[in-house]
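Worksheet for the structure shown next.
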Amino acid sequence: VEYAIIINANINLRKCKLIFRIYYISESYGIGSSVIQVHPGGYKVVWKDRANSRNKAMELHWNTAIHHEGYLYGSSGRHTGGADLRCVELKTGKVMWRQRVNERASLLWVNDYFIYLGEYGRLMLLKCTPQKTELVSQAVPVDKNGRQLINYPAWAAPVLADGRLYIRGKDRLVCFALDSNGTNR
């Protein structure tokens, strides 16, 4: 199955996510997003952002959207100053909400919460639904001397494995041991 994807830059940073024969495709260089449904012998465009519209559903840069119960959650924006968190309905492309954060970020879904890693090292715990986003807590982790642990660019997605949260910044990998409630030990 071939599907033409228009590229509007000399850098190819589009993201593609497969969800039950539905592909979500997004990029931040002016094209925006689209959803196609693949079937034997072809595909159908479910929805697609208009080429010249400023109102794109989501414009992923280096991060990946999280799909949960028919909705996509992600950090939209090519540049730090214009970045926001968004919730987009997968089947329609409707933006359910947007929250200005002024930094690009990666998300990790854990036990009905999102762990947010901002590109400047800010960590947030968020409770997100299709109706709203709620900040549970936030921190910029520092070492015993007060120096920031996670430095720009923190573009790698956070990883949770065996009760440990791994965060990668410019010059180091930081590991946080979490207890069963998801709090730092």
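Values quoted throughout were computed directly from the atomic coordinates according to the rules given, and no laboratory measurement underlies them. Note that the coordinates shown come from a computational prediction; the quantities given were computed from them, not determined experimentally. Counting neighbours? That spans all protein chains shown, and the Cβs are built from the backbone with ideal geometry, glycine included.
Remark: relative contact order (the chain) = 11 percent; criterion is Cα-Cα distance under 8 angstrom and separation of 6 or more residues. Highest average first, the peptides 55-63, 81-89 ordered by how many other beta carbon atoms sit within 10 Å of their residues are 55-63, 81-89.
Just how far, in whole angstrom, is the range 35-65 from the range 137-153 if you go by their alpha carbon centroids? For the range 137-153 versus the range 35-65, the Cα centre distance is 36 Å. Each 5 Å bin from zero holds the following percent of Cα-Cα pairs in the chain: 1, 8, 16, 20, 19, 15, 10, 6, 4, 1, 0, 0, 0. Most tightly packed first, judged by the mean number of other beta-carbon atoms within 10 Å of their residues, the peptides 42-49, 99-106 read 99-106, 42-49. Put a dot 7 Å past the Cα of Lys94, heading toward its Cβ, do the same for Glu134, and the two dots end up 2.3 nm apart.
Could you tell me the calculated FRET efficiency between Lys127 and Asn52, based on Cβ-Cβ distance and R0 = 30 angstrom, to the nearest 0.05? So, using R0 = 30 Å, E works out to roughly 0.25. The modelled label-to-label distance for the pair Asp143/His68, using points 7 Å beyond Cα in the direction of Cβ, is 3.3 nm.
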